[in-house]
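Everything below concerns the one structure shown next.
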Amino acid sequence: MRRTVAVVLIALGVFFLAFAPMMRTWMSSSLMKTPLDYYSQTVNEGEVDYFNIEDVEAVENAQVEAHSTIRADVASSTDDTVVWDQFTWIKDADTDFGISSTSRRAGHDRVTGEAVDCCDAMINDEAATQTGLLWKFPFFPEQRDYDFFETTVQEVVPMEFQDVEEIEGVETYRYVQTVEPTTVGERTIPRSVAGLEGDGDITGEEQFSIVRTYWVDAVTGTPIKVSEDQHRVVVYEGEEVLTLLSGELTFDEASVQDKIESTEQGRTLLPLLRTTIPVASLIVGVGLIAIATVLLIAGRTRTD
């Protein structure tokens with residue numbers, strides 16, 4: 001009888017030992033992928049100075065909103081790569097004046113978040129090769145710097161790890177990307193708009209800089225909160241003569257809550273599948289085999 005029980009316990013122990021790595025690798029990996037039907041809407045808000053091109057006047061301390069929509073292109077995506085289309089428009093919240101708009105399309109790895117060269121990638125309807133991380137971080141991001149693509153200067157600029165912070169009970173890693181003043185084009189404006197004497201126009205450099213902060217969920221790699229403090233100006237003969245857009249825009253509360261809710265399942269299940277259940281299975285497996293061994297030894301001793 002003891003021998004039969006011991007054999008059963010050994011079989012169960014082997015099962016639990018085999019189940020542990022399977023749970024960690026196969027089952028958790030199947031969940032560690034960005035959904036192919038991903039859809040997101042966020043709003044950044046803040047107080048901003050900008051230039052109203054229609055009324056030809058500078059507007060100061062305006063309440064501004066940046067609305068961003070991301071939609072996965074299911075038809076163009078694959079099991080390993082998801083393609084996202086993004087459209088962002090910035091408007092004056094009080095007057096509804098449209099300040100600017102941008103569009104973007106790119107494919108990225110569903111696990112790592114790294115750019116994949118495919119699918120007619122573009123920025124503002126112009127072909128653009130994008131590298132590094134594009135929107136989100138890998139699952140279980142590390143406390144280190146990451147290469148992150150910046151769309152305005154169209155080059156990789158490091159996202160530097162800063163600290164661990166909690167946002168409404170969610171553990172996040174704070175990363176900061178800093179783009180120093182960079183010339184991104186030219187602007188021709190009237191001398192009067194630039195505050196210069198005389199008639200006619202001037203052509204100056206359009207310069208852009210930004211400090212972008214991401215609070216990233218430590219499990220799913222999804223940004224829970226984003227803040228962008230940008231400065232876009234016209235520079236003429238070494239002097240800033242016109243502010244096009246300057247100020248900090250941050251996720252509103254609804255956007256933060258939406259990100260927290262959308263990542264809740266991943267934050268709950270993935271640690272269980274990767275750590276808690278595999279460790280418990282190993283302990284149970286070893287324990288069952290140990291009990292079986294004791295029973296076998298005891299049975300032999302009794303027989304002798």
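The values are calculated or read from the model by the stated rules, or taken from the named source; none is laboratory data. Remember, predicted model here, so these are calculated numbers, not experimental data. Because the Cβ atoms are built from the backbone with ideal geometry, glycine has one as well, and the counts that use them run over all protein chains shown.
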Evaluate the following for Asp94: is it over 18 Å from Asp37 (Cβ atoms), surrounded by fewer than 16 Cβ atoms within 10 Å (Cβ to Cβ), of a type in the set (Asp, Glu) and over 19 Å from the mean Cα position of the chain (by Cα)?
-> yes
Does Gln143 satisfy being surrounded by fewer than 15 Cβ atoms within 10 Å (Cβ to Cβ) and assigned by TED's automatic domain parsing to the domain that holds Gly46?
-> yes
Boolean, Thr213 is out of contact with any Cys (no Cβ under 6 Å at 6 or more places or on another chain), within 22 Å of Asp252 (Cα to Cα) and in contact (Cβ under 8 Å) with a residue 12 or more places away in the chain = yes
Quick check, is Lys136 among the basic types (Lys, Arg), closer than 22 Å to Val233 by Cβ and either in contact with an Asp or Glu (Cβ under 6 Å, 6 or more places away or on another chain) or at pLDDT 95 or above (or both)?
-> no
Which pairs do you get when a residue that is over 11 Å from Thr42 (Cβ atoms), found in region 252-267, comes within reach of a residue that is among the hydroxyl-bearing types (Ser, Thr, Tyr), reach meaning Cβ atoms under 6 angstrom, with the pair 6+ apart or on two chains?
-> Thr263/Thr220; Thr263/Thr222; Gly266/Thr220
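Arg191: in contact (Cβ under 8 Å) with a residue 24 or more places away in the chain and not hydroxyl-bearing (Ser, Thr, Tyr), yes or no? Don't jump to the end; show me each part of the working.
Values: in contact (Cβ under 8 Å) with a residue 24 or more places away in the chain: no; not hydroxyl-bearing (Ser, Thr, Tyr): yes.
The answer is no for Arg191.
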Inside region 54-81, can you point out the residues that are of a type in the set (A, V, I, L, M, F, W, C), under 22 Å from the mean Cα position of the chain (by Cα) and surrounded by 14 or more Cβ atoms within 10 Å (Cβ to Cβ)?
-> Ala66, Ile70, Ala72
Name the single residue, out of those in region 250-273 being closer than 20 Å to Leu31 by Cα and of a type in the set (D, E, K, R), that is nearest to the chain's Cα centre (by Cα).
-> Lys259
